[in-house]
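The values are calculated or read from the model by the stated rules, or taken from the named source; none is laboratory data. The shown structure was predicted, so the numbers you read here are calculated from the model rather than taken from an experiment. Neighbour counts are summed over all protein chains in view; Cβ atoms, including those assigned to glycine, are modelled from backbone coordinates with ideal geometry. Note: accessible area is taken over every heavy atom of the protein model, side chains too, but ligands, DNA and RNA are not part of it. Shrake-Rupley method; radii C 1.70, N 1.55, O 1.52, S 1.80 Å.
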Amino acid sequence: MTRHLITSAIPYINGIKHLGNLVGSQLPADLYARYLRARGSEVLFLCATDEHGTPAELAAAKAGKPVAEYCAEMHAAQAKIADGFGLSFDHFGRSSSVQNQKLTQHFAGVLADQGLIEDVVEQQVYSVADGRFLPDRYIEGTCPNCGFDSARGDQCDNCTKQLDPVDLIDAHSTISGSTDLEMRDTKHLFLKQSQMKDRLDQWIDSKADWPVLTTSIAKKWLHDGDGLQDRGITRDLDWGVPVRRGDAEWPGMEGKVFYVWFDAPIEYIACAQEWVDAGKGTDWQRWWRTDQGADDVRYTQFMGKDNVPFHTLSFPATIMGSNEPWKLVDYIKSFNYLNYDGGQFSTSRGRGVFMDQALELLPADYWRWWLLSHAPETSDAEFTWENFQSSVNKDLADVLGNFVSRITKFCRSKFGEAVPEAGEFGEAEAALIADLTERVTRYQGHMDAIEVRKAAQELRAIWAAGNEYLQAQAPWTTFKTDPDKAAAQVRLALNLIPFYANLSAPFIPDAAAKMLSAVHLPDQVWPDDVPATLSVMAPGHAFDVPEVLFAKISDEDRESWAERFAGTRD
């Protein structure tokens, strides 16, 4: 069976992430990892914090802490929140790790050996007011391509076009707001991506199954204007991976660090080394090196559309350019943006609901279900409190939660807290089992294809089928005239509880665990054989009537939360 390597875009260290970040990478990656594990696949699911560059320096300065201390604290905070959302990483690493430092320096050295690195003396923006060179991300202005007034010096978040700071109109420092900027000479290393253009083009052309969003952004960067440009991979900063040529000093590069976008993707590989060094695994190379067994690995990456250029071009250029046997990504699942109530989520601007706040309001499964069932796959999506309340109440409380409560309470009242024995299945039961068998096949097809919203729709339809069966057969009425027939109806309905739990676990793992615990089946078993699965709870099998799985969101709560999160976070 194919082994699956899964990575989600690694979140920046500078603060708690918002729900848009969560649904754009980590959460759908977790959904896929949980699903594949449930189907019996061997999975390595990796993520980490992205800790280098000016964002970390500035956030640490704002917090009044040394940058290394700040990053350690924020890594712990992000790891705790990820655990709160049930993100099942095999390892949650750090791009500031020794492993990533050594591997980044290694890649730079071998790329230089391959003739793909050159020294370039360039003019860089220097802020007189700040007394420092400004990294691209800390220069903002108006995009010359689309007119967006908050474009950064490296990229426009609105049109995704790659930019240089000098391209911006009315540029200013985001540190001080000063427009007293001047160009000064500084020497940096450049990765000669332009030499890799044809190879990258052919590679992307070979990925016919990739989402249009992914390939269209990659092609745009390859062919728009002057095409793929060489890219600076070093910066004048204090915090980062020191520039070295493998293990050796790099003359002329003293005091400089590698650009965060050079070392951050390399952390995917280094994270696997961290996983082994932490005692969680035994052989990282079989996942990452094709000369060590990684040929039978399927590697899937998850990310928001703003990260696509770096993962389709810059990181593959690093991997390919090394001429070493590293594993290349097989599939990139990219997402559009999740907007917040008429505007944008924004970490830097503190707008929207953030992951820690979300967990203070409601259990993780409420958020997981809404975010995944509304994942911005084909276009941008929007979070509104009205839609959130409606979806949670209808899907989770009225459909799934109501079914579990209804059938367990009815069985307890008429047959006791054990599966009744009498009666045989008839045409209605056979029809339900056949319908569910077809639906599970469709559900699995959507999950295999990472069609998140379609999978959620099919799962909801599977839940609804149980309610429709109960409504149509009405065992509470049947019981009055034919208790044996009612017993058979109840027996099938009770068996839907573990069936639903196992199918739903990738989406709502905590609720699924509660459902399995209530029917005294603690181990997950994927329903590969639906008829057999729907008799796993044999006559006499005991169960408990569970607590309410999902409490409804009241209008009062919705209004209170909408008001609370209308402003910005400090």
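Here is how the numbers come out for the structure above:
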quantity	calculated
Every residue from segment 164-177 that is assigned to a loop (DSSP other than H, G, I, E, B) and open to solvent by less than 20 Å² (accessible area, probe 1.4 Å)	Leu168
Among (1) crowded, with 19+ Cβ neighbours inside 10 Å; (2) free of Cβ contacts under 8 Å to residues at least 40 places away in the same chain - the single one Gln193 does not satisfy	(2)
Selection count where residues are over 17 Å from Ile266 (Cβ atoms), under 10 Å from the mean Cα position of the chain (by Cα) and open to solvent by less than 10 Å² (accessible area, probe 1.4 Å), scope segment 7-23	2
Residue satisfying condition, being at pLDDT 95 or above and open to solvent by 50 Å² or more (accessible area, probe 1.4 Å), within set Arg184, Arg244	Arg244
Hey, Asp291 acidic (Asp, Glu) and at pLDDT below 95 or not	no
Total residues in segment 514-552, condition open to solvent by 60 Å² or more (accessible area, probe 1.4 Å) and either in a helix (DSSP H, G or I) or of a type in the set (Phe, Trp, Tyr) (or both)	3
Selected residue (only one of Ala542, Ala551 is modelled with pLDDT of 95 or more and closer than 30 Å to Pro28 by Cα)	Ala551
Selection from segment 248-259 of residues that are touching a strand residue (DSSP E or B) at 6+ places or on another chain (Cβ under 7 Å) and either among the small types (Gly, Ala, Ser) or surrounded by fewer than 24 Cβ atoms within 10 Å (Cβ to Cβ) (or both)	Gly252, Met253, Lys256, Val257
Candidates Thr378, Thr408 - the one that is over 25 Å from Ala542 (Cα atoms), in contact (Cβ under 8 Å) with a residue 12 or more places away in the chain and of a type in the set (Ser, Thr, Tyr)	Thr378
Test: residue in segment 458-479 that is charged (D, E, K, R), surrounded by fewer than 18 Cβ atoms within 10 Å (Cβ to Cβ) and touching a residue at least 12 places away in the same chain (Cβ under 8 Å)	no
Number of the exception - Ser194 against (1) under 27 Å from the mean Cα position of the chain (by Cα); (2) outside any loop (DSSP other than H, G, I, E, B)	(1)
Of all residues in segment 94-137 being of a type in the set (S, T, N, Q), open to solvent by 40 Å² or more (accessible area, probe 1.4 Å) and more than 32 Å from the chain's Cα centre (by Cα), the one that is farthest from Thr174 (Cα to Cα)	Gln114
Tally, over segment 271-315, of residues that are open to solvent by less than 50 Å² (accessible area, probe 1.4 Å), part of a helix (DSSP H, G or I), out of contact with any Pro (no Cβ under 7 Å at 6 or more places or on another chain) and polar (S, T, N, Q)	4
Among the candidates Tyr70, Tyr35, residue that is farther than 30 Å from Asp523 by Cβ and of a type in the set (Ser, Thr, Tyr)	Tyr70
Segment 351-372: number of residues that are touching a residue at least 12 places away in the same chain (Cβ under 8 Å), open to solvent by 20 Å² or more (accessible area, probe 1.4 Å) and in a helix (DSSP H, G or I)	4
Pair list, Cβ under 7 Å, 6 or more apart: segment 421-445 residue open to solvent by 50 Å² or more (accessible area, probe 1.4 Å), other residue of a type in the set (Gly, Ala, Ser) and assigned to a loop (DSSP other than H, G, I, E, B)	Glu421/Gly540
Cβ-Cβ under 6 Å pairs, at least 6 apart or on other chains, segment 382-404 side closer than 27 Å to Asn21 by Cα, far side acidic (Asp, Glu)	Thr384/Asp341
Condition broken by Asp238, with the remaining ones in (1) open to solvent by less than 10 Å² (accessible area, probe 1.4 Å); (2) under 22 Å from Glu140 (Cα atoms) satisfied	(1)
Subset tally (residues that are among the small types (Gly, Ala, Ser) and surrounded by 20 or more Cβ atoms within 10 Å (Cβ to Cβ)) for segment 218-231	1
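Per-residue answers, yes or no, for (1) charged (D, E, K, R); (2) within 24 Å of Glu468 (Cα to Cα); (3) modelled with pLDDT under 95:
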{"site": "Trp367", "(1), (2), (3)": "no, no, no"}
{"site": "Ser379", "(1), (2), (3)": "no, no, yes"}
{"site": "Cys411", "(1), (2), (3)": "no, yes, no"}
{"site": "Phe415", "(1), (2), (3)": "no, yes, no"}
{"site": "Gly423", "(1), (2), (3)": "no, yes, yes"}
